[in-house]
Amino acid sequence: MIKLQVKIILWILIILPRFSGSRQIENINSNSMKLLAFEDFLYYHNLKHALVLLLEEEKIEGIQHLLANYYVQFYNLKKPMKFDELFYYNSPRTGVLILNYENDYAKRYIYKIASEMGYFNNTQAWFMMGSAGEFATNEQAIMQILSGYNINIDADITVALETPNNNFTYQLYDVYQINTPLIIEVKGSWSPIKGYQLLNNFKNTWVVRRRDFYNFTLRASTALIEKPEGLDDMSYLANDKQLLQFDPMQRKTYQLFKLIQSMYNLSLDIGFTDNWGQMLNNGSWTGVMGQITSHKADFALCPMRIVLDRQSSVQFTPVLHTQLIHFLFRHPRRNIVRNIFFEPLSTVVWWSVLALITFSTLLLVLHVRQEHRVLRVDGEHHHHVERRFAFVWFTMMDTYLQQGPDPEMFRLISTRMLISASSIFGFMLMQFYGAFIVGSLLSDSPRSIVNLKALYDSNLDIGMENISYNFVLFTNTSNQLVRDVYSQRICRNRERNILSIDQGAERLKQGGFAFHAAIDRMYRLLIELLEEHEFCDLQEIMFNPPYVASSVLAKSSPWREHLSHAILHLQATGLMQYNDKLWTVPKPDCSLFKAAQVEVDLEHFAPALFALALVMLASGTVFLLELLLGLSKGMRIRCF
């Protein structure tokens, strides 16, 4: 605010003309009051830079003293220079003071140039002062003077008109335009006593205040790439129940813009094209980008990726859509002979168990001989213990398999200790072994291909969708592994590996193929192609961050702030996240599916069947040999 001593001087200037009747002093007093009002205007808008437009040779030193707290520039209307040279790209927001806004010089050298250059926007805060003159109302005066200029919804124009009682009180008006005519709203008042007084509504931001577009029609553009033939463009775009696998990104974001329509009371005139936009050799654009840059559309209805070559032509809104683009494949199941029956124990442990069984069997042979020696000493001849090795082998197998021999068969304590220890060991081994197998059937199988390096080293075929951003992703990178995946795996057979998304889904269904594409689109295709258990085999590998996309507008578009505010509002209220959820493919609960399908299938039981068949084959072979030996012995006996 102005320093206290300056205000005291101004009050003296207010009182002095009442007694002196000096017209010169009264003019100085009037300009001082205007500067005081402008200073309050700068303070309220948190501005540090000011531009004062002078009509006469006012004393610049006095104005600089009154506005000592600000960076002040001056522009003399009667000595015109290029008004647009006062501003530069990315210059700070400036408060512009026009002391007599109805002056012809202001209309000719200020309003016309500002209208052509697009300066009537929120990058400058205009403070225009004057009086109603011969007009019946202040609104009519403002309408007459400011109509016909390029004033839009983002204009920050405050008109301060002096009240008829000439007590240095000004009525403040907010001026902007959505469609003709101008919209003029009473903003508040200013007086030397009360200062800058605003109505409650004007304590909000201008974006919040101007949320009613009065059903104004904005032109939008969107790209429909996959629309089936025979469908109406608008009906297809608005359909959020059917054919969701086609153009999901554009149709999903259209549902958000329907909410924005209601928020701002506006209408949409949608133009359709068949591509996002490519830059031509002459610097112009095709598709959606072409409609935006040629001002045939106000903004893009579909989300556009934020890339460098577009930033010089358009401006982006906050993020409207996040696109996940990963590798997706059906993780191969392990199908080898050494599977679940050998999983609980490592190879070393299995050899250790076999060595232990062999050693205990040989030890039992010694114990059986000692049993017979003790029986002969005691004079007992009838006993169940046999001396053959087969008896020892089967006795030990009974022990380890929890069957065990007759308690009265062995008399020596050492033999019973061996049998007991072997039985306990066999019990512990079987409990651990069985528990591990059951647990492994109930749990998910561990997956080994979980990163890009493992995918590169696997025997899976690797492909990608034939779309522009995939080529940029794999070629414009410093990651050597990503470049190797593209050059050595994908391009090894380009015709077979670089496919459309439909062809990629068909190959992914067959298995043994990893495909790089937009995940949400792939899931929507695969949910119709795969069974539940096949869907649960899907594995994602991400090596790049998600792509973000937003709407675009022409440079210096007056709708940028409102569109950005609406998108941020949808994010903050959760409506954008809710809309994303509606368009997300519902995936089956693989944990429930796994629990419902727990069974020992042929894949897991095959080794046991194979072992049994092998032993039966060996037994049959031995049986035939025994039969042949028996027949040969019989023939020799008959011959003798």
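The values are calculated or read from the model by the stated rules, or taken from the named source; none is laboratory data. On a predicted model such as this, the values are computed, not experimentally measured, just so you know. Cβ sites come from the backbone with ideal geometry, for glycine too, and all protein chains shown count toward neighbours. When the accessible area is computed, the model is the full protein with side chains, heavy atoms only, and any ligands, DNA or RNA have been set aside. Shrake-Rupley method; radii C 1.70, N 1.55, O 1.52, S 1.80 Å.
Can you tell me how many residues in the range 491-505 are part of a helix (DSSP H, G or I) and within 26 Å of the chain's Cα centre (by Cα)? Full working, then the answer.
Within the range 491-505, the first condition is being part of a helix (DSSP H, G or I), and the residues that meet it are 491-497, 501-505.
In the following step, the residues that additionally are within 26 Å of the chain's Cα centre (by Cα) were identified as 501-505.
The total comes to 5.
I'm trying to understand the selection: among the residues of the range 175-194, which are surrounded by 15 or more Cβ atoms within 10 Å (Cβ to Cβ) and part of a strand (DSSP E or B)?
If we filter the range 175-194 for residues that are surrounded by 15 or more Cβ atoms within 10 Å (Cβ to Cβ), which is where we start, we get 175-178, 182-185, 187-192.
Scanning the range 175-194 gives V175, Y176, I183, I184, E185, K187, G188, S189, W190, S191.
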> Since R333 meets every condition but one in (1) assigned to a helix (DSSP H, G or I); (2) among the charged types (D, E, K, R); (3) at pLDDT 70 or above; (4) surrounded by fewer than 16 Cβ atoms within 10 Å (Cβ to Cβ), which condition does it not meet?
Replying inline: (1)
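Can you tell me how many residues in the range 535-563 are open to solvent by 40 Å² or more (accessible area, probe 1.4 Å), outside any strand (DSSP E or B) and touching a residue at least 24 places away in the same chain (Cβ under 8 Å)?
Residues of the range 535-563 that are open to solvent by 40 Å² or more (accessible area, probe 1.4 Å), as a first pass: 540, 542-543, 545-548, 555-556, 560-561.
Going one step further and asking which of them are outside any strand (DSSP E or B), we end up with 542-543, 545-546, 555-556, 560-561.
Filter once more, so that each one left must be touching a residue at least 24 places away in the same chain (Cβ under 8 Å): 542-543, 546, 555-556, 560-561.
Looking only at that region, the number is 7.
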> Among the numbered criteria (1) at negative phi; (2) at pLDDT 85 or above, which single criterion is violated by G118?
Replying inline: (1)
> Name the residues in the range 572-586 that are of a type outside the set (G, A, S) and loosely packed, with under 14 Cβ neighbours inside 10 Å, would you?
Replying inline: T573, Q577, Y578, K581, L582, T584, P586
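So that you can scan it fast, the table gives a plain yes or no per residue for (1) of a type in the set (D, E, K, R); (2) modelled with pLDDT under 70; (3) within 30 Å of I462 (Cα to Cα):
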position: V319; (1), (2), (3): no, no, no
position: F329; (1), (2), (3): no, no, yes
position: F341; (1), (2), (3): no, yes, no
position: Q370; (1), (2), (3): no, no, no
position: L375; (1), (2), (3): no, yes, no
position: R388; (1), (2), (3): yes, yes, no
position: R411; (1), (2), (3): yes, yes, no
> Cβ-Cβ below 6 Å, separation at least six or inter-chain, first residue in the range 266-291 and hydrophobic (A, V, I, L, M, F, W, C), second open to solvent by 30 Å² or more (accessible area, probe 1.4 Å) and not in a strand (DSSP E or B): which pairs?
Replying inline: F272/D233; W285/T293; V288/W276
>> Could you list, ordered by first residue, the pairs with Cβ atoms under 7 Å in which the first is in the range 452-478 and at pLDDT below 90 and the second is in a loop (DSSP other than H, G, I, E, B) and of a type in the set (S, T, N, Q), at least 6 apart or interchain?
In response: L473/N544
> Can you find even one residue in the range 519-541 that is closer than 26 Å to L308 by Cα, modelled with pLDDT of 85 or more and in contact with a helix residue (DSSP H, G or I) (Cβ under 9 Å, 6 or more places away or on another chain)?
Replying inline: yes
> What are the residues in the range 458-472 that are surrounded by 14 or more Cβ atoms within 10 Å (Cβ to Cβ) and under 23 Å from H331 (Cβ atoms), if any?
Replying inline: S458, L460, D461, I462, G463, M464, E465, N470
> Filter the range 85-102 for residues that are open to solvent by less than 50 Å² (accessible area, probe 1.4 Å) and modelled with pLDDT under 85; which is farthest from M129 (Cα to Cα)?
Replying inline: S91
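Which members of the range 506-525 meet the condition of being in a helix (DSSP H, G or I) and either basic (K, R) or open to solvent by less than 50 Å² (accessible area, probe 1.4 Å) (or both)? I'd like the intermediate steps shown before the answer.
Within the range 506-525, the first condition is being in a helix (DSSP H, G or I), and the residues that meet it are 506-510, 519-525.
Once the filter is applied, which keeps residues that are in a helix (DSSP H, G or I) and either basic (K, R) or open to solvent by less than 50 Å² (accessible area, probe 1.4 Å) (or both), the range 506-525 yields R507, L508, K509, I519, R521, M522, Y523, R524, L525.
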>> Among the numbered criteria (1) crowded, with 18+ Cβ neighbours inside 10 Å; (2) of a type outside the set (D, E, K, R); (3) over 30 Å from R251 (Cα atoms), which one does N479 miss?
In response: (1)
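Residue-wise test of (1) among the basic types (K, R); (2) over 25 Å from R209 (Cα atoms); (3) crowded, with 20+ Cβ neighbours inside 10 Å.
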site: M117; (1), (2), (3): no, yes, no
site: Q124; (1), (2), (3): no, no, yes
site: N138; (1), (2), (3): no, no, yes
site: N152; (1), (2), (3): no, no, no
site: A155; (1), (2), (3): no, no, yes
site: V159; (1), (2), (3): no, no, yes
site: T163; (1), (2), (3): no, yes, no
>> For the structure I just gave you, tell me whether Y214 is among the hydroxyl-bearing types (S, T, Y), in contact (Cβ under 8 Å) with a residue 40 or more places away in the chain, assigned to a loop (DSSP other than H, G, I, E, B) and open to solvent by 20 Å² or more (accessible area, probe 1.4 Å).
In response: yes
> Out of all the residues in the range 240-279, which are within 30 Å of Y214 (Cβ to Cβ) and open to solvent by 40 Å² or more (accessible area, probe 1.4 Å)?
Replying inline: D240, K258, L259, Q261, S262, N265, D269, F272
>> So E528 passes all but one of these: (1) under 23 Å from L320 (Cα atoms); (2) surrounded by fewer than 14 Cβ atoms within 10 Å (Cβ to Cβ); (3) among the charged types (D, E, K, R). Which condition number does it fail?
In response: (1)
> Which residue pairs have Cβ atoms under 7 Å apart, sit 6 or more places apart or on different chains, and have a first residue in the range 313-330 that is in contact (Cβ under 8 Å) with a residue 40 or more places away in the chain and a second that is outside any strand (DSSP E or B) and of a type in the set (K, R)?
Replying inline: V314/K555; Q315/K555; Q315/R560
